[in-house]
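Engineer: The structure is given below, and queries will be raised subsequently.
The values are calculated or read from the model by the stated rules, or taken from the named source; none is laboratory data. Owing to the predicted nature of the structure, the values given are computational and were not obtained by experimental measurement. FYI the Cβ positions are ideal-geometry reconstructions off the backbone, even for glycines, and counts take in every protein chain you see. All accessible areas refer to the heavy atoms of the entire protein, side chains included, with ligands and DNA or RNA removed. Shrake-Rupley method; radii C 1.70, N 1.55, O 1.52, S 1.80 Å.
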Amino acid sequence: MDEYQRSWEENGFFLIPGLIEKEELEELRRLYPSGVEYAAGRTDAHPHAPKRLPDGPRGKQTLFTQNPSQFAGQIDFPWTGQALNRLTVHPRITEVASTLLGTADLRIYQAQLWAKYTGARDYEQPLHLDYSSHTLLVPKKKSRSQQVEMFLYLTDVTQGCAPTRLVPRTLTREMSPVPYHVWRGTHPELYRAEVSFPGPVGSLLVYAPDIWHRAVDLTEPEGARIWMNLSYKVASTDWLGLQSFQRLAMAPDWQRFVAASTPRELELFGFPPPGHNAYDEDVLAGLSRRYPGLDIGPWRDAPDA
Ligand SMILES: [Fe+2]
């Protein structure tokens, strides 16, 4: 982890190749078609696959606000399939987050699946920062970050499958974060300095919120890139966030996820720890009815905090 941490501090990003085993990712096939299936038009069984836009010029940079169709193919947590849901609390992933953020008291604030296919959309973006939707403030860049963004690769990502382009922090430290995007015409040196990280399925790309980066078009014939966006933050940072997990609470997949999770894992989603005064006898009785199968023993037996 030392060499990754050095790159995090200097460049603001790194890739850990093959952090997660391939076997854990099989249920993904039920959600998304492969690149070959997509190219052959075999998408009927996969309603989340982005519809192919009519053929037109590709490679034109557009901002997400001008081209929201770039987000087709995204599915928010929780997913139908608990192996994918469990990746949000995978100890090898949360350990990376807690090491970088300097605390084990973390919250997950983004968990989304995303699939892109060659030729499906115009995916080219300008270099940008993500803070427009991840914080009410702007990112810190000269002291320890309170949030970390990750892409967990769920397919092999070759150079033709559009690995995200990133600019090392050493070149952008003095840049204003406003506006949150810069175009090739005004900042050609940043575009020339872009790096990217192809990697095998199960790899984890990690980057800081002050890192300029962008999506590009897939060029590999019959190509697909499928990944999970995972973002974590230090607890008690109300200005950081993206998704609300409270509004999912009626989803059966969420209820199954909760029933299979430990108190520590649920703390990542905002459950107070056992012993917290949010719990009393009535709340614990309600929890065991709301989440059938949840072992409330750890909450019931905890001394008052
Ligand atoms: Fe982004």
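Engineer: Considering only residues that are of a type in the set (A, V, I, L, M, F, W, C) and touching a strand residue (DSSP E or B) at 6+ places or on another chain (Cβ under 6 Å), which ones fall in segment 219-245?
Structural biologist: Initially, segment 219-245 is screened for residues of a type in the set (A, V, I, L, M, F, W, C), giving 224, 226-228, 230, 234-235, 239-240, 242, 245.
Matches in segment 219-245: ALA224, ILE226, TRP227, MET228, LEU230, ALA235, TRP239, LEU240, LEU242.
Engineer: Further, regarding this structure: Could you list all residues from segment 1-57 that are more than 19 Å from the chain's Cα centre (by Cα) and of a type in the set (Gly, Ala, Ser)?
Structural biologist: Result: SER7, SER34, GLY35, ALA39, ALA40, GLY41, ALA45, GLY56.
Engineer: Just for segment 183-214: of the residues that are among the hydrophobic types (A, V, I, L, M, F, W, C) and open to solvent by less than 10 Å² (accessible area, probe 1.4 Å), which one is farthest from the ligand (Cβ to nearest atom)? So that I can check it myself, show each step before the final result.
Structural biologist: The first filter runs over segment 183-214 and keeps only residues among the hydrophobic types (A, V, I, L, M, F, W, C), leaving 183, 190, 193, 195, 197, 201, 204-206, 208, 211-212.
Narrowing the set further to residues that are open to solvent by less than 10 Å² (accessible area, probe 1.4 Å) leaves 190, 204-206, 208, 211-212.
Values: LEU190: 15, LEU204: 16, LEU205: 12, VAL206: 14, ALA208: 12, ILE211: 9, TRP212: 9 Å.
Among those that are among the hydrophobic types (A, V, I, L, M, F, W, C) and open to solvent by less than 10 Å² (accessible area, probe 1.4 Å), it is LEU204.
Conditions (1) open to solvent by less than 10 Å² (accessible area, probe 1.4 Å); (2) without any contact (Cβ under 8 Å) to a residue 12 or more places away in the chain; (3) closer than 30 Å to TYR38 by Cβ; (4) away from the ligand (no atom under 16 Å from the Cβ), marked per residue:
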position: MET228; (1), (2), (3), (4): yes, no, yes, no
position: SER231; (1), (2), (3), (4): yes, no, yes, no
position: LEU248; (1), (2), (3), (4): no, no, yes, yes
position: ASP253; (1), (2), (3), (4): no, no, yes, yes
position: ALA260; (1), (2), (3), (4): no, no, no, yes
position: ASP280; (1), (2), (3), (4): no, yes, no, yes
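Engineer: Now a separate question. Might you check whether a residue that is within 15 Å of the ligand (Cβ to nearest atom), under 15 Å from the mean Cα position of the chain (by Cα) and either farther than 26 Å from LEU53 by Cα or open to solvent by less than 10 Å² (accessible area, probe 1.4 Å) (or both) occurs anywhere in segment 140-148?
Structural biologist: The answer is yes; a qualifying residue exists.
Engineer: Does segment 159-174 include one or more residues that are free of Cβ contacts under 8 Å to residues at least 24 places away in the same chain, farther than 20 Å from TYR4 by Cα, open to solvent by 10 Å² or more (accessible area, probe 1.4 Å) and in the same structural domain as ALA39 (by TED's automatic domain parsing)?
Structural biologist: Yes, some residue in segment 159-174 is free of Cβ contacts under 8 Å to residues at least 24 places away in the same chain, farther than 20 Å from TYR4 by Cα, open to solvent by 10 Å² or more (accessible area, probe 1.4 Å) and in the same structural domain as ALA39 (by TED's automatic domain parsing).
Engineer: Taking into account only those residues within segment 101-118 that are surrounded by fewer than 17 Cβ atoms within 10 Å (Cβ to Cβ) and among the small types (Gly, Ala, Ser), which is nearest to the ligand (Cβ to nearest atom)?
Structural biologist: The qualifying residue nearest to the ligand (Cβ to nearest atom) is GLY102.
Engineer: Only one of (1) under 26 Å from PRO263 (Cα atoms); (2) within 16 Å of the ligand (Cβ to nearest atom) fails for PRO126. Which number is that?
Structural biologist: All conditions are met except number (1).
Engineer: What are the pairs, 6+ residues apart or on separate chains, where a residue within segment 290-305 that is within 15 Å of ALA278 (Cβ to Cβ) has its Cβ under 8 Å from a residue that is at pLDDT 95 or above and open to solvent by 90 Å² or more (accessible area, probe 1.4 Å)?
Structural biologist: Note: pairs meeting the criteria are ASP304/ASN277; ALA305/ASN277.
Engineer: If you don't mind, another one. Please pick out the residue among SER132, SER98 that is open to solvent by 10 Å² or more (accessible area, probe 1.4 Å), part of a helix (DSSP H, G or I) and either among the aliphatic types (A, V, I, L, M) or within 16 Å of the ligand (Cβ to nearest atom) (or both).
Structural biologist: After ruling out the rest, the residue left standing is SER132.
Engineer: Tell me which residues, restricted to segment 13-36, are within 27 Å of PRO221 (Cβ to Cβ) and not aliphatic (A, V, I, L, M).
Structural biologist: Result: PRO17, GLY18, LYS22, GLU26, GLU27, ARG29, ARG30, TYR32, PRO33, SER34, GLY35.
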